[in-house]
2 protein chains.
Amino acid sequence: MRPNKKDELVSKALEVFYRDGFHATGMDKLVVETGVSKTSMYKHFRTKDDLILAALELRDRNFREWFLNRVAEMADTPEGQLIAGFDALAEWFEEDNYRGCMFIKACSEFQEADHPIHQQAARHKQILLEHLTGLAKAAGAKDPDCLGSQMLLLKEGAIVSSVLINSGAPARDAKAAAQVLLDQALGHQAA
Amino acid sequence: MRPNKKDELVSKALEVFYRDGFHATGMDKLVVETGVSKTSMYKHFRTKDDLILAALELRDRNFREWFLNRVAEMADTPEGQLIAGFDALAEWFEEDNYRGCMFIKACSEFQEADHPIHQQAARHKQILLEHLTGLAKAAGAKDPDCLGSQMLLLKEGAIVSSVLINSGAPARDAKAAAQVLLDQALGHQAA
DNA sequence: CTTAATATGTACAGATCGGTAAACTTTATT
DNA sequence: AATAAAGTTTACCGATCTGTACATATTAAG
């Protein structure tokens, strides 16, 4: 079994957790959906929570890689990339299996701030925040920390809204808002 | 049993669902936490989902009443109220038992768009959106629908961020962003 | 071919899940 | 006091939950 069966398990489990939720997904369902026996699962991961953590790690890597690459394709200046992030969001929202942000959902289901799953989700958002703040600084914003935080606010608001109203429209409103905030932070005059 | 035992049940159940989540809260836990027998519960509500719906209805009423009153206390112009909403959020974030938005969490746990619980959560957000859009229109915004949607984006982003980083700070960044967007929508010059 | 690692199916334990049945107690009204 | 509504306790159902035991099959390397 050289072709990594463990990674395959995590990848499939990620799909199911994302689609159906964490508590709503039992290990028996995972046996069926992943094609991996329960015995093997518990040989790779001591508990269900450990498997969830592995799935979240994979999600973190996949999402960030996709997002950063997509943004880099669309723009090559810091200002441009800050705005392009919202176009990338819009594309994401239109995907068939789009179900919102896995990390927001993880925090919804594991609410204690000191829970490992909660903390891992928080780490993902922290990394995104640092990336956005870095772009804000590179763009020359007056208060990069504030602008970066605001960009993240808009993104998360757009994600939540897109799920609630079942539409990709919030990505556009968020992009327009981001443009105004960016112009203001760079000292440009509003139209 | 005149003093409405049913309302008491819903109110207590709301607390527990908000604190621990929906799937993570079993009916047996509710028996202990609410002091109401399981038989009585199932006399009032045919299923657990029905009880969840009742809890969400109560939450919807409570939250909107609190929010609207608090905002009205803080400001009496449409522009002022749009901004004051973020001060109200900040107060909410500082509450001891603050656990984020119950409706976002409901949608996280009941993801199918046609699920009654999902739809009820969506209705709550829709009402808030209409309220914000109304304020935007009354304030004389160029595009009230867009501005209202953006205010909601910022609010939801602030809620999610406040949970993830376990801090009330996002309310301030959201307020600052809202001020910039409002000024721009009203045709004011940025600083 | 042998060995050791890694997979598998099946069966199960003990707890908990949502939900029900039946007999009993409390309460408010007449 | 009699009655009916509403609440309670206790016990239970079948299903599902996380997690384990055990015996067997597949695989890769020496």
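The values are calculated or read from the model by the stated rules, or taken from the named source; none is laboratory data. Treat the numbers as computed from the prediction; the structure is a model and nothing was measured. When we count neighbours, we look across all protein chains shown, and the Cβ atoms used for this are built from the backbone with ideal geometry, even at glycine. These area figures cover heavy atoms from the full protein model, side chains too; ligands, DNA and RNA do not enter into them. Shrake-Rupley method; radii C 1.70, N 1.55, O 1.52, S 1.80 Å.
Looking at this structure, is B:Asn62 under 22 Å from B:Pro116 (Cβ atoms), open to solvent by 60 Å² or more (accessible area, probe 1.4 Å) and more than 16 Å from DNA strand C (Cβ to nearest atom)? Yes. Take the conditions closer than 25 Å to B:Ile104 by Cβ and either at pLDDT below 95 or within 16 Å of DNA strand D (Cβ to nearest atom) (or both) and apply them to B:Asp49. Does it pass? Yes.
Taking the criterion of being facing chain A (nearest Cβ under 7 Å) and buried (at least 24 other Cβ atoms within 10 Å of the Cβ), the residues of segment B:156-180 that qualify are B:Glu156, B:Gly157, B:Ala158, B:Val160, B:Ser161, B:Val163, B:Leu164, B:Pro170, B:Asp173, B:Ala174, B:Ala177.
Pairs only if they're at least six apart or on different chains, beta carbon under 8 angstrom, first in segment A:165-181 and within 20 Å of B:Lys175 (Cβ to Cβ), second of a type in the set (D, E, K, R); list them, first residue then second. Final answer for the pair search is A:Ala174/A:Lys155. Close Cβ contacts (under 7 Å, 6 or more residues apart or on different chains) running from residues in segment A:10-27 that are more than 9 Å from A:Ile52 (Cβ to Cβ) and more than 8 Å from chain B (Cβ to nearest Cβ) to residues that are within 11 Å of DNA strand D (Cβ to nearest atom) and among the aliphatic types (A, V, I, L, M) comprise A:Val16/A:Leu30; A:Met27/A:Met41. Looking across segment B:109-145, the residues that are among the acidic types (Asp, Glu) and within 22 Å of A:Asp173 (Cβ to Cβ) come down to B:Glu130, B:Asp143, B:Asp145. Listed here are the helices (runs of 4 or more DSSP H) enclosed by segment B:71-152 that have at least 3 residues being more than 30 Å from B:Asp49 (Cβ to Cβ): B:78-93, B:116-139. Only helices (runs of 4 or more DSSP H) whose full extent lies in segment A:1-56 are considered here, and the ones with at least 3 residues that are open to solvent by 20 Å² or more (accessible area, probe 1.4 Å) and away from DNA strand C (no atom under 11 Å from the Cβ) are A:5-20. Screening B:Lys125 against (1) over 16 Å from B:Phe22 (Cβ atoms); (2) in contact (Cβ under 8 Å) with a residue 24 or more places away in the chain; (3) surrounded by fewer than 15 Cβ atoms within 10 Å (Cβ to Cβ) leaves a single unmet condition, (3). Of everything listed in (1) in contact (Cβ under 8 Å) with a residue 24 or more places away in the chain; (2) exposed (fewer than 15 other Cβ atoms within 10 Å of the Cβ); (3) more than 14 Å from chain B (Cβ to nearest Cβ), the single unmet condition for A:Asp76 is (1).
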